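Structure, as structure tokens:
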Ligand SMILES: Cc1cc2nc3c(=O)[nH]c(=O)nc-3n(C[C@H](O)[C@H](O)[C@H](O)COP(=O)(O)OP(=O)(O)OC[C@H]3O[C@@H](n4cnc5c(N)ncnc54)[C@H](O)[C@@H]3O)c2cc1C
């Protein structure tokens with residue numbers, strides 16, 4: 001997703017923290033690399049699902065380029081695709097369970113992983129910005145039930161507003177007589193866009209205020225004027241549906257404004273008076289969410305590394321295993337090194353976010369940047385180690401390479417991460 005809804009999301013950290021049980025550091029939040037029993041159990045549980053259900057289905061859904069509903073249903077049946085599971089991952093005071101679960105699932109397959117985790121973008125926005133009533137009403141509708149699985153979509157990006165979210169053109173106008181909001185505009189690249197039960201849309205209520213004039217709206221199921229546009233054919237993550245969403249005089253009840261009108265009016269008044277923005281808080285919110293995305297990239301990288309290590313120990317050329325050549329063995333050593341280094345950055349940032357540490361040096365961005373680039377590099381090396389086989393769809397590393405590339409693009413491109421880090425370390429407004 002884009003650098004989305006930053007200001008509105010900033011207000012929400014407290015709600016999220018309250019829901020998951022506090023934001024301050026406590027004994028449980030001391031950083032340690034030793035996993036506790038709960039973390040190990042969740043890791044093994046997700047890994048089991050990734051290995052037994054996700055992996056065997058990966059090639060098929062990549063080829064079909066469709067949402068893998070049966071796999072999502074399986075995930076719902078075991079409770080993995082549910083608000084309860086997401087809540088449990090979030091609730092860990094050390095912050096590590098969420099990246100651990102994501103790494104394991106995406107180790108299974110990233111396209112299916114995103115088909116399962118894409119809903120959490122909408123859930124996070126509702127969780128973050130909604131009132132308790134809104135959370136209670138809309139979050140369950142994002143998941144549905146194991147017998148009737150539903151999806152959520154988060155729609156911030158637009159054709160002309162990707163990295164630059166302040167350029168959002170979608171508008172929301174309040175019709176006071178009917179207590180309704182009327183949304184108009186076009187959203188781009190929405191994961192689950194058009195097939196979701198619940199869409200969360202970021203729209204401008206005051207264009208002059210830039211991103212400080214943005215607000216988030218829930219579009220309830222079946223609302224007229226909210227239609228899927230073109231479905232995007234992609235390089236990777238093909239089991240995850242991505243599409244434009246058109247909003248054409250789309251009317252939603254006043255209660256669909258996340259956080260409520262009073263809070264929005266106060267925020268707009270503050271912005272119009274030129275009072276201090278909450279961009280600092282928004283930045284902290286992004287920093288806290290980025291390690292989860294980094295963990296997904298790590299899952300892909302680890303899968304490619306493991307596959308190519310096994311292959312190199314089997315494949316013989318010139319009368320010996322190819323791993324006996326330093327060129328291959330050193331590549332594998334570097335892959336392992338880079339993956340472990342990236343994981344340390346991911347875990348550090350996840351722990352910092354959950355235990356309320358200040359991201360002085362954009363450590364969240366560092367983790368996502370490193371993990372994304374490691375995933376692209378590792379999967380490319382994996383193809384090289386498999387030679388011709390690596391380049392074919394008969395072997396999974398080709399798919400992993402295609403899947404990895406998105407991790408230098410969404411949730412803030414690598415360039416945007418470097419911008420954020422360089423601003424943080426320099427204190428200057430680097431452009
Ligand atoms: C598979 C997929 C799923 C997605 N899912 C969602 C979703 O669910 N919801 C959602 O809202 N969005 C989603 N997105 C959109 C995604 O967040 C954007 O693609 C991303 O933010 C980049 O925006 P852009 O594509 O418009 O690229 P641009 O912003 O046009 O960037 C193009 C290039 O210019 C560089 N660039 C831009 N500005 C600067 C700068 N100031 N300094 C240096 N370089 C710069 C970028 O780094 C990039 O290399 C998804 C995208 C994809 C491909």
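What percent of all Cα-Cα pairs in the chain falls in each 10 Å bin, counting up from 0?
The distribution over the chain is 5, 22, 32, 26, 11, 3, 1, 0, 0, given as percents.
Remind me, relative contact order of the chain in percent, using alpha carbon pairs under 8 angstrom and six or more residues apart?
Computed over the chain, the figure is 19 percent.
If you average the C-alpha positions of region 44-99 and of region 322-367 separately, how far apart do those two centres end up, in angstrom?
The two parts, judged by their Cα centres, are 23 Å apart.
What full-extension length gain, to one decimal in nm, is calculated for residue 333 and residue 51 as 0.36 nm per residue of separation minus the Cα-Cα distance?
99.1 nm
Compute the helix-to-body angle for 97-108: its Cα long axis versus the longest principal axis of the chain, expressed 0 to 90° and rounded to tens.
Result, in degrees: 60.
Would you mind ranking 348, 207 so that the residue whose beta carbon has the fewest other beta carbons within 10 Å leads the list?
207, 348
Relative to the first principal axis of the alpha-carbon coordinates of the chain, what is the inclination of helix 132-143, with its axis defined by its Cα atoms, in degrees from 0 to 90 and to the nearest 10?
40 degrees
Could you tell me whether region 162-212 comes out rounded, prolate or oblate from its Cα gyration tensor? Rule is a ≥ b ≥ c as square roots of the eigenvalues, rounded for a/c under 1.5, then prolate if a/b exceeds b/c, otherwise oblate.
Values: a/c = 2.83, a/b = 1.12, b/c = 2.52.
Cα axes put region 162-212 in the oblate bin.
Given the DSSP H assignment, sum -39500 (n - 2.57) over each helix run of at least 4 residues in the chain and divide by its residue total; what's the result at 222 nm in deg cm²/dmol, nearest 500?
Result for the chain: -16500 deg cm²/dmol, rounded to the nearest 500.
In nm, to one decimal, how far is the residue 160 label point from the residue 60 one, both placed 7 Å along Cα→Cβ?
Result for the modelled spin labels: 4.5 nm.
Kindly express, to the nearest 10 degrees and within the range 0 to 90, the angle between helix 55-64's C-alpha long axis and the longest C-alpha principal axis of the chain.
Long axis of 55-64 versus the principal axis of the chain: about 60 degrees.
Based on the mean of other Cβ atoms within 10 Å per residue, sort peptides 230-241, 153-164 so the most packed one is first.
Numbers: 230-241: 19.6, 153-164: 21.6.
Descending mean neighbour count gives 153-164, 230-241.
Given region 155-262, what percent of its DSSP beta bridges are antiparallel, to the nearest 5?
That works out to approximately 95 percent antiparallel.
Is region 227-359 best put as rounded, prolate or oblate by its Cα gyration tensor, with a ≥ b ≥ c the root eigenvalues, rounded for a/c under 1.5, and otherwise prolate when a/b is larger than b/c, oblate when not?
oblate
Run the quick spin-label model on residue 37 and residue 69: label points 7 Å from Cα toward the beta carbon, then report their separation in nm to one decimal.
Label-label distance for residue 37 and residue 69, simple model: 4.1 nm.
Between residue 169 and residue 232, what FRET efficiency follows from the Cβ-Cβ distance if R0 is 22 Å, with the result rounded to 0.05?
In this case the efficiency is close to 0.70.
What shape does region 383-431 take by its C-alpha gyration tensor, where a ≥ b ≥ c are the square roots of the eigenvalues and a/c under 1.5 counts as rounded, a/b above b/c as prolate, and the rest as oblate?
Cα axes put region 383-431 in the prolate bin.
Please order 151, 419, 258 by the number of other Cβ within 10 Å, starting at the fewest.
419, 151, 258
Pop a pseudo-label 7 angstrom from the Cα along the beta-carbon direction at both residue 224 and residue 275 and give the gap in nm to one decimal.
4.0 nm
Estimate the FRET efficiency between residue 316 and residue 344 by the formula 1/(1 + (r/R0)^6), using the beta-carbon distance for r and 30 Å for R0, to the nearest 0.05.
0.30
Apply 1/(1 + (r/R0)^6) to the Cβ-Cβ distance of residue 389 and residue 206, taking R0 = 51 Å, and write down the FRET efficiency to the nearest 0.05.
Taking R0 as 51 Å, the efficiency between residue 389 and residue 206 is 0.35.
Sorting 119, 223 on the 10 Å Cβ count, fewest up front, what's the list?
Values: 119 29, 223 18.
Going from least to most buried by this count: 223, 119.
Any read-out appearing in this document is the output of simple, stated calculations on the displayed coordinates, not a laboratory observation. Note that the structure is predicted; figures quoted are calculated from it, not measured. Ideal geometry is used to build each Cβ from the backbone, glycine not excepted, and the neighbour counts take in all protein chains shown.
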